[in-house]
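Single-structure report; data block below.
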Amino acid sequence: MEKFTPKFQGAPWIDGARVLHVYACPQVKSDPALARLIGDCREAMSPFPITAMGDDTLHCTIEMVADTTADKITAEERDELVAALREHLASTGPVEVTVGSPIANRAGALLDVYPDGGLVDLRERVRDAIRSVRGPGALLHDGGRPHVSLGYAWAEGSSDALQTALRRISPSHAVVRFTSLHLLDVQFQQRPRTHGASAWELSWQPVATIALPGPTSTGDPQGA
């Protein structure tokens, strides 16, 4: 495990920069099973140099608006983006997935997501919406498989030891239903840690909530 460094346009993030993102955000406080899982994961991560996501910053990244920073996107341009997102997501309903098991990775820890077909479909619709108002140059990042970020490492540590701790968690899964997506003004800032180290911490300001008003998807294109 190594220190997490966020990226923007293929380069390390500028401290304090803000970028628009579309996230799916689990509602931890209203979901006892998920709250228990997240709490157990935080306890497992606590001996390690990891900044854990709070209940209000737990998220699954759908897409980043990567052509420019958020401060350069006007209110009118934001309104256009919100309208496009609502138009492209109008026929899409809530997505139900299973999150877990927790996984240690190179930059911290995450919750696996399965089945991920529903979120992949959401991502493509969101990309179409962004592309329609900001052009293809606004899509510069490959988000990989959908996942819920649990925390970001701020120093080197043993991924094997972390995975061993996470493996002890039982139950290691929870069902999550995403009923909306969130357009957010996301900021990463460096914050001090012990012995002169620093950590990247995430915060955001809400821009808009986009409901998913159509029929519910299980996320499994095979219907299994």
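Just so you know, all these numbers are worked out from the coordinates, no wet-lab data involved. Every value quoted in this text rests on a predicted model; they were computed, and no experiment measured them. Counting neighbours? That spans all protein chains shown, and the Cβs are built from the backbone with ideal geometry, glycine included.
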Simple Cβ-charge dipole of the chain, Lys/Arg +1 and Asp/Glu -1, about Cα centre, in debye nearest 20: 380 debye
Furthest towards positive pole of dipole, 137, 150, 9, structure part the chain, Cβ charges: 150
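As a check on your grasp of the helix formula, calculate [θ] at 222 nm for the chain: sum -39500 (n - 2.57) over DSSP H runs of n ≥ 4, divide by the residue count, round to the nearest 500.
About -8000 deg cm²/dmol.
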Separation of alpha-carbon centers, the range 33-76 and the range 78-105, rounded to whole Å: 15 Å
Under Karplus coefficients 6.51, -1.76 and 1.60, residue-wise ³J(HN,Hα) of the range 120-128 in Hz, glycine/proline x: 5, 4, 4, 4, 5, 5, 5, 4, 4
3J(HN,Hα) from dihedral phi, the range 49-54, Karplus parametrisation 6.51/-1.76/1.60, rounded to Hz, x for glycine, proline: x, 10, 8, 6, 5, x
Exposure proxy order (Cβ contacts within 10 Å, fewest to most) of 3, 72: 72, 3
Sparsely packed trypsin sites (Lys or Arg not before Pro) within the range 118-174, loop by DSSP, other Cβ within 10 Å at most 11: 168
